[in-house]
1. Which members of the stretch 297-327 meet the condition of being within 25 Å of Pro546 (Cα to Cα) and assigned to a helix (DSSP H, G or I)?
2. Answer yes or no: is there a residue in the stretch 430-444 that is at pLDDT below 90, at positive phi, in contact with a helix residue (DSSP H, G or I) (Cβ under 8 Å, 6 or more places away or on another chain) and not in a strand (DSSP E or B).
3. Which of (1) within 30 Å of Met452 (Cα to Cα); (2) of a type in the set (Val, Ile, Thr); (3) open to solvent by 10 Å² or more (accessible area, probe 1.4 Å) is the odd one out, the single condition Ile578 does not satisfy?
4. Across the stretch 753-774, which residue is farthest from Gly898 (Cα to Cα) among those that are open to solvent by 30 Å² or more (accessible area, probe 1.4 Å), assigned to a helix (DSSP H, G or I) and touching a residue at least 12 places away in the same chain (Cβ under 8 Å)?
5. Answer with yes or no whether Met863 is part of a helix (DSSP H, G or I), surrounded by 15 or more Cβ atoms within 10 Å (Cβ to Cβ) and without any contact (Cβ under 8 Å) to a residue 40 or more places away in the chain.
6. Just to check your reading of the model, which residue among Thr153, Thr177, Thr165 is more than 27 Å from Arg42 (Cα to Cα) and surrounded by fewer than 24 Cβ atoms within 10 Å (Cβ to Cβ)?
7. Assess whether Val787 counts as being in contact (Cβ under 8 Å) with a residue 60 or more places away in the chain, over 36 Å from the mean Cα position of the chain (by Cα) and surrounded by 13 or more Cβ atoms within 10 Å (Cβ to Cβ).
8. Name the pairs: first residue in the stretch 222-241 and at positive phi, second residue modelled with pLDDT under 80 and not basic (Lys, Arg), Cβ to Cβ under 8 Å, at least 6 apart or on different chains?
Amino acid sequence: MATPQQTLPPARRDHELPVHEVVLLLETDHERGLAPDEAARRLRLEGPNALPRIDRRGPLVRFLVQFHHPLIYVLLAAAVATMLLGEVVDAAVILAVVLINAVIGFVQEARAEQALDALMAMVRTRATVVRDGVRHRISSEDLVPGDVVVLETGDRVPADLRFITAQELQIDESALTGESVPVEKAPVELPAGTVLADRTNMAYSSGLVTRGRGRGIVVATGADTEIGRIHRLVGEAETLHTPLTRKIGRFSRVLTAVILGLALLAFVMGTVRGEPVDQMLTAAVALAVGAIPEGLPAVVTITLAIGVARMARRRAIIRRLPAVETLGSTTVICTDKTGTLTANAMTVTTVVAGERNYQVTGTGYAPEGQLLENGGPVDLDGHPALRECLVAGLLCNDTRLTGASGRRDVAGDPTEAALLVAAEKAGLDLDQLRQRLPRVDGMPFDSDRRYMATLHRDGSGRTVAFVKGAVERLLDMATHELRADGTAVAVDAGGVHARADELAAQALRVLAMGRVELPRGTTELSERVLDGRVTLLGLQAMFDPPRPEAITAVAACRFAGIDVKMITGDHAGTARAIAERFALGHGGTPTVVTGTELAACADGDLPGLVADTAVFARVDPEQKLRLVQTLQAHDHVVAMTGDGVNDAPALRRADIGVAMGEGGTEVAKEAADMVLTDDNFASIEAAVEEGRGVFDNLRKFITFILPTSIGQGLVILVAIALATTLPVLPVQVLWVNMTTAVALGLVLAFEPLEPGVMRRPPIPPSRPLLTRALAGRIVLVSALMLVGAFGLFEWTLDRGEAVAVARTVAVNVFVVVQVAYLLNCRSLERPMWRVGLFSNRWVPAGLAAMLGLQLLFTYAPWMNRLFHSAPIDPAWWLGITGVGAVVFLIVEVEKWLGRRLRARRPA
């Protein structure tokens, strides 16, 4: 089955061209830049470097669309019917419910435009531009193609650039590509087909310079940038109806047809028999009013709102009400890697020093954790080689950590931040060491040199250099290595290489640490001073680690029948290593497909590829969107998690988008339906559990409320067929519908989770809201209500009571049966005594409220006048209560038979 795809203009290919060709094509000067007059002309021609607002429906149209739903049509028909019957107050109540639902939908739909506003806010910054050979600081909105831009550490990339020069330049592009570490940039030519994340000669709007400096030519601005392409994807991504809204829609259409059919049948039966047309029209309207569950939309909304409150307590903020239930129906979770499954914080996990292996616990930039050897804690005083290795990583370092220990920000390179945190976990005092060994000189990291070095001198005049860099480069410079006891021996290059290869095979980034003792008075560093004099201190291996709680959560989701797929912009090797830790894929061995392979896959082959693949690596935003669409086209309910700009289109398209609240971009949060306040994948598991509970409670409510509507409709239909007095009036029908829905039905929204809710598979999207068994139970209870209410109504008349008294008895039969049936519905399968009366504290309150309301309805004079009721003899309550008790017992027997039949079915 082919999947409909959104189409965008082809991406620019400036990375494939030599710099001089880019300069010629853009008619600029790579040294002097554009002339101010030419820049102004291009600005008028191209427009500002800002993301355009996509045309959308106006507010009036968006508001009117909220009424385009079968259930709303039914409610509007109910309002018109009650208005025709002269019940203005009842009509106003129903219209108020419709209006409230419309306003909620109208407000929630505005989130798409908020997502676009967040995108535009990301790219509003200032830039350093060279025009006519002079540097200027201007608003990024004034940049034009052909401008020459200068980037330095801390700058936000203002537009898409092709580099002319780059010195030790690294850019954090994780929000755009999913790359977990800053990317080194160089003005080299790249082959055709190089994916976005590997284009090292380019910088893209919204990137952050973490180190070095560079100069580049603006090749795209505004909507033509890569972030502009994502902007269009977010704006054009279609928001699908949730499983709940689709099922409610189908249910409403069926209900509408049934109600209209019964009303028409009643009208035809009466007129054929010769009854006056106006009386039959009134009776048909009364039947329709009786059959419409007016309280349904209000209680559904309130039930979802209660689910929102419960999820908020479990650190999941819901931005759109139907999303509460969607998680419970989710069949596939497409999760981003960086910042979602992992901490998005480089973390040292292993240190090798003096031929000993040390493990580092804890994740992220908080100094929470310790160093272990063979499972036991390490005291640095007894491990001099380890101490020196950590000191080298601390002092040969340009990065700073800011903020409180619970939430720290990195000013610099995340790799260097990991080295600082490792030293802190070992008990080293960063400020004290920097004061004791202040820096005298330094050599920044260079992609050709492949190491960084710093020169330090203490108060006694001792001069020492610390070096960190690629393992093979430091081994070329080293003559000795430090043993565990702190003595130096000849370096064993083969052994070091072997250990480094073992760590690299685990997708760890490995850095070597070295030291050079220099003569007193040395003030400058150079390669000549260092080469052949380095003592290797050890290795530090790091990566962006999986969250431990996320591993447990993913396992729980898979146990609950939810397939988990990783979709990331990171490298295939890194993605595979993380996936293995989560045991993704068949047998815990993940199949990895790259973005290049995905692009080459035909639409017809894509569904099979997606079904068999657990990990997609090096994918771009359009491919993430394509994967979500493919899953949805094959009846999957898809939850998509992410935190970056590159995740926004897929978050918007998914049945439920889940963004990270702490580390996520504003774009991702605005595009999502749910935001996790603790960035913890484990909160998704909790939300899935709550979502399943919400769906269960909604089914309980619908199963509870329908027999009242159907039973009242059947009573009126039978009365018309037998040409007898109506047992209930339209105003009494409205009373029963609204009071039982609110006082009784609403308490079902507070039911606690059913046991084993996470041990069952997701409910298939194709399965109707009500199973055959539940539909049969509804018909059974409706028939019992018909017999009980109509039978007692006729019996009361036969005993010589007034019609008002008989109708009051019939109304009370409906209410008492609903009271008994409420206890049945607290669990759709388990017996009531297994649930317990007080496990939901709202049940006694609801029962007491309903009893009070019915006593007022029956005995209060003003209620008698308003609802045409009348006081009844206490003896009639015995018959009314007896009908309720019989219905309760019959339903419990039916549930018992259902359990027996399910137990006999083969597994």
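The values are calculated or read from the model by the stated rules, or taken from the named source; none is laboratory data. It should be emphasised that the depicted structure is a prediction, and the values quoted were computed from it without experimental measurement. For neighbour counting, all protein chains shown are included, and Cβ atoms are generated from backbone atoms with ideal geometry for every residue, glycine included. The accessibility values were calculated without ligands, DNA or RNA, using every heavy atom of the protein model including side chains. Shrake-Rupley method; radii C 1.70, N 1.55, O 1.52, S 1.80 Å.
1. Met311, Ala312, Arg313, Leu327
2. no
3. Looking at each condition in turn, Ile578 falls short on (3).
4. Within the stretch 753-774, the match that is farthest from Gly898 (Cα to Cα) is Arg759.
5. Details: part of a helix (DSSP H, G or I): yes; surrounded by 15 or more Cβ atoms within 10 Å (Cβ to Cβ): yes; without any contact (Cβ under 8 Å) to a residue 40 or more places away in the chain: yes.
Yes; evaluated as a whole, the condition is true for this residue.
6. Values: Thr177 fails: surrounded by fewer than 24 Cβ atoms within 10 Å (Cβ to Cβ); Thr165 fails: more than 27 Å from Arg42 (Cα to Cα).
None of the others qualify; the one that does is Thr153.
7. Details: in contact (Cβ under 8 Å) with a residue 60 or more places away in the chain: no; over 36 Å from the mean Cα position of the chain (by Cα): yes; surrounded by 13 or more Cβ atoms within 10 Å (Cβ to Cβ): yes.
So Val787 does not fit the description; no.
8. From residues that are at positive phi, the pairs are Gly222/Leu51; Gly222/Pro52.
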